[in-house]
Amino acid sequence: MSGMTDAAAGIEPAIGLVPTEAKIARREMLGQLVRSKTFIAGAVLVGWWVFWAIVGARLTPDDPLEITDAILIGPGAGHWFGTDSLGRDVLSRVLAGASDTMKVAPLATLLGIVGGTTLGLITGYFKGWVDEAISRVIDAVLALPLIVIAVTALVALGSSNVTLIIVIGAVFTPIVARTVRAAVLGERELDYVSAAKLRGERAPYIMFAEILPNIIGPIVVEATVRLGYAIFAVAGLTFLGFGVQPPAPDWSLQIADNYTLLNAGTYEWTVLFPAIAIATLIVGVNLIADGLQQVLDR
Amino acid sequence: MSGRRASAAARRPGWRTVIARFLLNRLALSIITLLLLSVIVFAASQLLPGDVGRNVLGPFASPEDVAKFNHEHGVDRPVWTQYWDWISHFVRGDLGTSLQHNVPVGELLGPSLVNSLKLAAVAFVLVVPLSLLGGTVAALRRNRVTDRVITVTGLSLTAIPEFVTAIVLIVVFGVVLGWLPVSAAAPEGAGVFTQVEYLLLPSFALVAVLFGYIARITRAGVIEAIDADYTRTAYLKGLTPGRVVRRHVLRNSLLPTIAVVATQVGYLIGGLLVIEKLFNYNGIGQRIYIAAQAKDFTLLQSGVLIVGIVYLVATFVADLLFSLLNPRIRYGAAE
């Protein structure tokens, strides 16, 4: 990580433009990110799956949904990753399997971040009984494992991608709110907040226009960390049957469909490759989060 | 320093009172949290769609039978009466009757809870020493290759869903090597060792999820202790490195680790729905999952509340340990 402190020295302002302080800071940050091995490794992994989520079945070697007679063939020349119990090509299904997770997890994260930031700003800014009451409820909810809350809510609401987004977003809201609240508590005593108050600004303006821009760093880090957890949660809930339904080539769904085959003592390729796919995506997201954190925390 | 220590010692008779007050405070907070939780759980299970009697009796039951069922099970009464009825019986140990199985809820949840505790215990026994060791070694070899390997492996494993890790473990140890059973449910009447053997694979998956998390906290605690003045003093006094680490560093760095381990107990007892399904294991998570799907809300709400209680008890025990082990709370809280 050495050599990052003198990053500013290497950046020349564009000709004819006098960059503002914020712009320089942003460019400096980007420069640090690009030089962070952790960030680049994560970006490559995530980029690979984003690519496949976009192109989907159009570029896969076989049709991921096509049922054939060639069932449960081991990995080999014809099918690099083998075929599943319906004779579908596992490699094609793994490559096409990113799309649902890639839709649900980011949207759920976005929902949780927006809700949690709002809630955190309110509780942190007002303190007093509003904060106390909301914090009690948050503590009570967080006494339960995330997945228990999610399963109860999903049974109540019915399972689909939309409810999955809403439920995960809702569960994330209090967790994000905690982080944002802590950041707000540090900011609210600073002079610029007092100045805004003395100018007669109203509370929503101070919260969203004054405090929020100053705590964007921790919120961005929280968002990437949450995205990792969102993929985690989507994978688990889809495995339990609450997400996208068969015959979609989703990774967790492939595992759920095929794991009982392992009792036979073979056919491991039907579940191993989707498992590795989930692992690479999540590790990628976490590497990005790690890289961001290192750059934003300094 | 010595003056301060003497004055703290003079106040020493008060430290029990201080701890007692601290713990009473935490206890009161836990009870409030629990009450709130019970209301939330009850409200959530009321949200489950559909008529209870209709769900249980099926689409072909006559409307009269459905009304009779609802009346017998008291689900046609006002919501607050039902809540009071549930919670007042719950605190007396009467969890009601399962709507789906028509047997006392306690009979269903009891064995599942025991199963969950067994799995959690095995995972716990494996993960705590392992992550303490890993975290300490990483801290002592800070920023070197060993540290990077432990930290990066730990964090990656933590982020990967437990059933994904479990699949890889099953394939390696269960299928390719054939060393361990691929299910977690031991045969009826199996001895302790056989039961533990069946629980090893799911436990490994849980170890993978928890190791990075606990080790990271331990590492941070150890580093803080290494950098502290008292550690330097201990070295300068001429103590051997081993003695410094054991007596000064580890003792201080264990505190945050205890706190973070406690926060994972709720997950270990109630949050393993996915692992339990994958290994076909009848734990409390599996019970909650099935109850939620069957809309068996007497079973569901008591099961969920028990998971909440386990979590709150665990955090309370952690607070207790924390205050007993931490001289700063013992002495400092009085100031």
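Values in this text are rule-based calculations from the coordinates and carry no lab data. Since the model is a prediction, treat every value here as computed from it, not as a measurement. Because the Cβ atoms are built from the backbone with ideal geometry, glycine has one as well, and the counts that use them run over all protein chains shown.
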Mind checking the alpha-carbon convex hull of region A:100-142 and giving the volume per residue in Å³?
56 Å³
Give me the inter-chain shielding for A:286-292: mean count of other chain Cβ atoms within 10 Å, whole number please.
2
Which one of A:Gly76, B:Val310, B:Tyr289 has its Cα pushed farthest toward the positive end of the charge dipole of the protein assembly as shown, where Lys and Arg give +1 and Asp and Glu give -1 at the Cβ?
B:Val310
Please compute the average number of Cβ atoms from other chains found within 10 Å of each residue's Cβ in peptide B:272-284.
3
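Report the calculated FRET efficiency for B:Ala190 and B:Arg251 (r = Cβ-Cβ distance, R0 = 30 Å), to the nearest 0.05. Each step should come with its number before you reach the end.
Numbers: r = 40 Å, r/R0 = 1.33.
Rounded to the nearest 0.05, the efficiency is 0.15.
Hand me the GluC sites (Glu not before Pro) from region A:198-287 located in a DSSP loop with no more than 16 other Cβ atoms within 10 Å, in residue order please.
Numbers: sites: A:Glu201, A:Glu210, A:Glu222, A:Glu268; in loops: A:Glu201, A:Glu268.
Passing sites in region A:198-287 are A:Glu201.
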Taking placed amide H atoms and a strict 5 Å upper bound, the residues 5 or more places from B:Thr97 or on another chain that come that close are B:Val105
Distance between region A:106-151 and region B:51-69 - C-alpha centres, whole angstrom
38 Å
Show which lysines lie in cross-link reach of A:Lys197 when reach means a straight Cα distance below 19 angstrom and same-chain residues fewer than eight apart are skipped.
A:Lys127
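Given N residues in chain B, what is its alpha carbon radius of gyration divided by 2.2 N^0.38 Å? Intermediate values should be presented prior to the final figure.
Working: Rg = 24.7 Å, N = 335, 2.2 N^0.38 = 20.0 Å.
For chain B, the normalised Cα radius of gyration comes out at 1.23.
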What is the distance in Å between the Cα centres of region B:280-313 and region A:234-255?
22 Å
Given H placed 1.01 Å from N in the peptide plane, which residues other than close sequence neighbours of A:Glu268 have an amide H under 5 Å from its amide H?
none
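Would you mind giving the mean number of other chain beta-carbons within 10 Å of the Cβ of each residue in A:236-243, as a whole number?
Per-residue shielding by partner chains comes out at 4.
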Cα-derived Rg to Rh of the protein assembly as shown, Kirkwood definition
0.98
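What dipole magnitude, in Debye to the nearest 20, does chain A give about its Cα centre under +1 on Lys/Arg Cβ and -1 on Asp/Glu Cβ? Numbers along the way, then the final one.
On the way: 19 positive and 25 negative charges, 152 e Å.
Using Cβ point charges on Lys, Arg, Asp and Glu, chain A gives about 740 debye.
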Taking only the alpha carbons of region A:68-152, what extent do you get along each of the three principal axes, in Å, biggest first?
67, 22, 16
In whole angstrom, how long is each semi-axis of the equivalent ellipsoid of region B:20-117, when you take the square root of 5 times every eigenvalue of its Cα gyration tensor and sort them from largest down?
32, 17, 11
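Regarding region A:34-296, what is the average projected area of its C-alpha convex hull, in nm²? Walk me through the numbers before you get to the answer.
Numbers: hull surface 67.7 nm².
Averaged projected hull area, Cα only: 16.9 nm².
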Could you check the simple spin-label distance between A:Val44 and A:Leu296, using points 7 Å along Cα→Cβ, in nm with one decimal?
2.4 nm
Only helical DSSP H runs with n ≥ 4 go in: add -39500 (n - 2.57) per run for chain A, normalise by residue count and round the 222 nm mean residue ellipticity to 500 deg cm²/dmol.
-21500 deg cm²/dmol
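With a 10 Å radius around each residue's Cβ, average the other Cβ atoms per peptide and rank B:62-75, A:130-143, highest first. Present the calculation step by step, with values, prior to reporting the outcome.
Details: B:62-75: 13.9, A:130-143: 17.1.
By packing density, highest mean first, the sequence is A:130-143, B:62-75.
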Identify all lysines with a Cα-Cα distance to B:Lys118 below 22 Å; exclude those on the same chain that are fewer than 8 residues away in sequence.
B:Lys277
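Calculated from DSSP H runs of 4 or more alone, at -39500 (n - 2.57) each and per residue, what is the 222 nm mean residue ellipticity of chain B, nearest 500? Display every interim value, and only then the final one.
Values: 16 runs with 244 residues, N = 335.
Dividing the helical sum by the residues of chain B leaves -24000 deg cm²/dmol.
Listed highest first by mean packing, meaning other Cβ atoms within 10 Å per residue, what order do B:76-89, B:111-124 come in?
Numbers: B:76-89: 13.1, B:111-124: 19.9.
Ranking, from highest mean packing down: B:111-124, B:76-89.
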Mind checking which aspartates and glutamates have their C-alpha under 17 Å from B:Lys237, skipping anything on the same chain fewer than 8 residues away?
B:Asp227, B:Asp229
What distance in nm separates the simple spin-label points at A:Ile67 and B:Leu321, each placed 7 Å from Cα in the Cβ direction?
5.3 nm
So the FRET efficiency between B:Ile87 and B:Val145, C-beta based with R0 = 41 Å and rounded to 0.05, is 0.15
Taking Cα atoms, the helix B:105-140 axis meets the longest principal axis of chain B at an angle in degrees (rounded to 10) of 20 degrees
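Just order B:291-298, B:183-190, A:91-98, B:222-229 by mean Cβ neighbour count inside 10 Å, highest at the front, would you? Don't skip to the end; give the middle numbers.
On the way: B:291-298: 22.9, B:183-190: 13.6, A:91-98: 24.8, B:222-229: 16.5.
Output ranking for B:291-298, B:183-190, A:91-98, B:222-229: A:91-98, B:291-298, B:222-229, B:183-190.
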Largest-first principal axis extents of the Cα set of region B:218-296 (Å)
66, 19, 13
